[in-house]
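One structure below.
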Amino acid sequence: MNRPISSGRWSEVTVGDVVTLQRGFDITKAEQSQGPYPIISSSGPRSSHSAFKVEPPGVVIGRKGSLGGVYFSETRFWPHDTTLWVKDFHGNDPKFVYYWLQTLGLEHYDVGAANPTLNRNHIHLLAATIPDIQAQRKIGAILSAYDDLIENNHRRITILEEMAQRIYREWFVDYRYPGHEDVPLADSKLGRTPNSWHVVSLSEVTRTQYGHTESATDRPVGPRFLRGMDINKASYVDWTTVPYCPIDANEHAKYRLARGDVVIIRMADPGKVGIIEADVDAVFASYLIRIKPQEGVISPYFLFYFLGSDRYQAFVLGASTGTTRKSLSAPLITSAELALPPPATQAAFVAVVTPLREQLNTLVGANATLRTMRDLLLPRLTSGEIDVADLDITPPDLAA
């Protein structure tokens, strides 16, 4: 029997009083087809399908492998077998439940022998407290406001990324750069290219260095330790999420990153590229290679966008070696050829792209601040440490 939610006060409950959790649904890659509905696995939405299993709103918890992550779905979705999903909210506010579950430390309730696993029957019995429905809706509205701002900034970041990439393609792939009308195309090893540009290999205009071998830690025991996972999903670095590493003074100086350095992943996810755009005390890991552009010959931003271009990524795909784990070496990475524009053309490109990158990184910093503020508020709101009863907040679904 579910306990009723006490009006105007907090109630002692079990998780099973608040929600009923259900194991997700299995689906193989062979059965999967691209579609509009997200498949939410234990690590979040990673693919989509033409069919769905659950109507929104949905709350999903990582059950197997990656434990305890909590995800919210505004749309119809398919909860994967590696998850638990909320089958019944028992009249509680879904958004509050989403935030509240994040505070329970579910990742610590592993009952798996070889593979980390959560048992829903075990979770249902955990003791907890919740406020009345009015407070739940206020708490959900407060925390959702932060997530909405973060998502809005993320959309703006994506637009800025696309704008910069589009400019690169227009200037250096389609050769429609300022003044191109006065520069005829000529035959070269790369096809028809502007006759004032020179075809060179990357090895002629850059130098490379393999990264530092060490273990990462969340404790600030040394400089930030940039890894492949810090650059493989975005064209920027969010330094607030990058861990640290211990390192002695000589090694620190050898591997310290500088503004304008370009790094590329050589193993596991070869070819993904990042650029250092801040003055930060950081070194780079051994799965990365630093590609240092020759000053006055090739600009960091031109190099960065060339390495991220479709042509170079196709080169990486063909050059990668290894059957189970693809990898690249520094000689392979820098054996690619490119049509190098004159310094003045590169400088014009940098002048156009730099403001876009500055806006992008400002938004990345703003999102880091918003996440910190939200994460500080989250446990205080969902535990009742901050009382919302007298706050003048009208949740969206209660607005007149």
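Numbers below:
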{"read-out": "Which listed residue, of Lys64, Lys95, is assigned by TED's automatic domain parsing to the domain that holds Arg23, among the basic types (Lys, Arg) and either touching a helix residue (DSSP H, G or I) at 6+ places or on another chain (Cβ under 7 Å) or exposed (fewer than 15 other Cβ atoms within 10 Å of the Cβ) (or both)", "value": "Lys95"}
{"read-out": "Qualifying residue in segment 308-317 (condition: in contact with a strand residue (DSSP E or B) (Cβ under 7 Å, 6 or more places away or on another chain), in contact (Cβ under 8 Å) with a residue 60 or more places away in the chain and within 26 Å of Leu356 (Cα to Cα))", "value": "yes"}
{"read-out": "Selection count, segment 334-352, where residues are more than 29 Å from the chain's Cα centre (by Cα), outside any helix (DSSP H, G or I), surrounded by 15 or more Cβ atoms within 10 Å (Cβ to Cβ) and of a type outside the set (D, E, K, R)", "value": "4"}
{"read-out": "Subset of segment 287-307 [modelled with pLDDT under 95 and of a type in the set (Gly, Ala, Ser)]", "value": "Gly296"}
{"read-out": "Verdict on Ser144 being among the polar types (S, T, N, Q) and either loosely packed, with under 15 Cβ neighbours inside 10 Å or touching a helix residue (DSSP H, G or I) at 6+ places or on another chain (Cβ under 8 Å) (or both)", "value": "yes"}
{"read-out": "Neighbours by Cβ (under 6 Å, 6+ apart or cross-chain): first from segment 230-257, farther than 19 Å from Leu160 by Cβ; second acidic (Asp, Glu) and part of a helix (DSSP H, G or I)", "value": "Val242/Asp230"}
{"read-out": "Candidates Ala164, Ala216 - the one that is among the small types (Gly, Ala, Ser) and outside the structural domain of His252 (by TED's automatic domain parsing)", "value": "Ala164"}
{"read-out": "Filter result for Gly191 (touching a strand residue (DSSP E or B) at 6+ places or on another chain (Cβ under 7 Å) and either exposed (fewer than 12 other Cβ atoms within 10 Å of the Cβ) or more than 25 Å from Glu358 (Cβ to Cβ) (or both))", "value": "no"}
{"read-out": "Selection count where residues are of a type in the set (A, V, I, L, M), in a loop (DSSP other than H, G, I, E, B) and over 28 Å from Leu356 (Cβ atoms), scope segment 226-258", "value": "1"}
{"read-out": "Given (1) surrounded by fewer than 15 Cβ atoms within 10 Å (Cβ to Cβ); (2) of a type in the set (Ser, Thr, Tyr); (3) touching a Lys or Arg at 6+ places or on another chain (Cβ under 7 Å), number of the condition Ser215 does not satisfy", "value": "(3)"}
{"read-out": "Residues of segment 372-389 satisfying the condition of being farther than 13 Å from Arg137 by Cα, in contact (Cβ under 8 Å) with a residue 24 or more places away in the chain and not hydroxyl-bearing (Ser, Thr, Tyr)", "value": "Met373, Arg374, Leu377, Leu378, Pro379, Gly384"}
{"read-out": "Selected residue [over 25 Å from Asp375 (Cα atoms), within 26 Å of the chain's Cα centre (by Cα) and surrounded by fewer than 17 Cβ atoms within 10 Å (Cβ to Cβ)] from Glu162, Glu170, Glu151", "value": "Glu162"}
{"read-out": "Hits in segment 257-282 (condition: over 30 Å from Pro342 (Cβ atoms) and surrounded by fewer than 23 Cβ atoms within 10 Å (Cβ to Cβ))", "value": "Met267, Ala268, Asp269, Val280, Asp281"}
{"read-out": "Meets criteria (in a helix (DSSP H, G or I), within 21 Å of the chain's Cα centre (by Cα) and either more than 19 Å from Ser335 (Cβ to Cβ) or in the same structural domain as Pro243 (by TED's automatic domain parsing) (or both)) for Tyr312", "value": "no"}
{"read-out": "Which listed residue is over 17 Å from the mean Cα position of the chain (by Cα), among the acidic types (Asp, Glu) and closer than 30 Å to Tyr177 by Cα, from Glu204, Glu214", "value": "Glu204"}
{"read-out": "Filter result for Pro355 (within 30 Å of Arg156 (Cα to Cα) and assigned to a helix (DSSP H, G or I))", "value": "yes"}
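Residues checked against (1) out of contact with any Asp or Glu (no Cβ under 7 Å at 6 or more places or on another chain); (2) surrounded by 17 or more Cβ atoms within 10 Å (Cβ to Cβ); (3) over 18 Å from Asp26 (Cβ atoms):
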site: Pro56; (1), (2), (3): no, no, yes
site: Val59; (1), (2), (3): yes, yes, yes
site: Leu106; (1), (2), (3): yes, yes, yes
site: Ala114; (1), (2), (3): yes, no, yes
site: Leu125; (1), (2), (3): yes, no, yes
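The rows are residues; the columns are (1) within 15 Å of Ile276 (Cα to Cα); (2) out of contact with any Pro (no Cβ under 7 Å at 6 or more places or on another chain); (3) at pLDDT 95 or above.
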site: Ala216; (1), (2), (3): no, no, yes
site: Asp238; (1), (2), (3): yes, yes, yes
site: Pro243; (1), (2), (3): no, yes, yes
site: Pro246; (1), (2), (3): no, yes, yes
site: Ala253; (1), (2), (3): no, yes, yes
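The values are calculated or read from the model by the stated rules, or taken from the named source; none is laboratory data. Please read these numbers as outputs of a predicted model, since none were measured by experiment. Backbone-built Cβ (ideal geometry, glycine too); neighbour counts: all protein chains shown.
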